Amino acid sequence: MSWAGPDDIFLSTSLATYLDKKLLVLLRDGRKLLGLLRSFDQFANVVLEGACERVIVGNLYCDVPLGLYVIRGENVVLIGELDLEKEELPPHMTAVSEAEIKRAQKAEREATDLKGSMRKRMEFLDFD
Amino acid sequence: MKIKLTSASYSVRSIKFSFCSNLLAKPRKPSLFLGRGIEIILFFSYFKDLVGREVTVELKNDLAIRGTLHSVDQYLNIKLENTRVVDQDKYPHMLSVRNCFIRGSVVRYVQLPPDGVDIELLHDATRREARGG
């Protein structure tokens, strides 16, 4: 049993092939960050340059610029290489400003809270 | 009795020294022969044999990704190529992602082709490890 050394980067699961590429990083809390991979380590800690958070609410989206980000590996779910020739998002989605996407997020949060509280009320009634 | 006490404290000191020197030693790759390490190696070897096959990885956040298994490592991190998300409409941000790296800790299931599993081989390997462990 041999352990992958730095030589077999083409066969191993190293992130070296993603260096300096524009990536999509999914985090455990559901956030989607885009940026250029500048550094990584064995724990999948990554450094993203020019990072922005893509906030998607329904058919609206907004890229919030964040700058230089260091992400702790335990929060990383997936690191995806974006194909520059393909569209990053479906055509029916529209770009909106930061303020508008924040409003949409708040509305969505309130809707899920309302749904949750209504369900709690129904569970309380608990028809046997 | 006094002599006994001093020899005991001397040996404790020497044990402490050797423990510290191990910590200062260069970090080694994890030993393959620890009890828990053996089960991890079994699946690492198993996935290494599946490289090139089409698999569907279901993550703990319910995202399911279908793709060709490119590589796997000791942490069971997975690299997939030619990826397509199973429920594309629910995950619009994944539209242009064709290759991805999935951290091993977030995988819930790896769905394999039915002919990809040699059940008897896996069964024998597991029995062997269980006996040896």
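Out of all the residues in region A:47-58, is one or more at pLDDT 90 or above and buried (at least 20 other Cβ atoms within 10 Å of the Cβ)? Yes, region A:47-58 contains at least one residue that is at pLDDT 90 or above and buried (at least 20 other Cβ atoms within 10 Å of the Cβ). Looking at region A:38-51, is at least one residue in contact (Cβ under 8 Å) with a residue 40 or more places away in the chain, within 14 Å of another protein chain (Cβ to nearest Cβ) and of a type in the set (A, V, I, L, M, F, W, C)? No, region A:38-51 has no match at all.
Looking only at residues in region A:18-76 that are of a type in the set (Asp, Glu) and in a strand (DSSP E or B), the one that is farthest from A:GLU110 (Cα to Cα) is A:GLU49.
Check region A:68-84 and report whether any residue there is of a type outside the set (Val, Ile, Thr) and at pLDDT below 85. So far as region A:68-84 goes, yes, one or more of its residues are of a type outside the set (Val, Ile, Thr) and at pLDDT below 85.
Counting only residues that are within 8 Å of chain B (Cβ to nearest Cβ) and among the aliphatic types (A, V, I, L, M), region A:60-82 holds 5 of them. Looking at region A:79-87, is at least one residue farther than 17 Å from B:MET94 by Cβ and under 16 Å from the mean Cα position of the chain (by Cα)? No: region A:79-87 contains no residue that is farther than 17 Å from B:MET94 by Cβ and under 16 Å from the mean Cα position of the chain (by Cα).
One line per residue, one yes/no per condition, for (1) without any contact (Cβ under 8 Å) to a residue 40 or more places away in the chain; (2) surrounded by fewer than 16 Cβ atoms within 10 Å (Cβ to Cβ):
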site: B:ASP49; (1), (2): yes, yes
site: B:LEU63; (1), (2): yes, no
site: B:HIS70; (1), (2): yes, no
site: B:GLN74; (1), (2): no, no
site: B:ILE78; (1), (2): yes, no
site: B:ARG84; (1), (2): yes, yes
site: B:ASP87; (1), (2): yes, yes
site: B:LEU95; (1), (2): yes, no
site: B:ARG108; (1), (2): no, yes
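The values are calculated or read from the model by the stated rules, or taken from the named source; none is laboratory data. In this text, all values refer to a predicted model and were calculated from it rather than measured experimentally. Don't worry about glycine lacking a Cβ; one is built from the backbone with ideal geometry, like all the others, and counts go over all protein chains shown.
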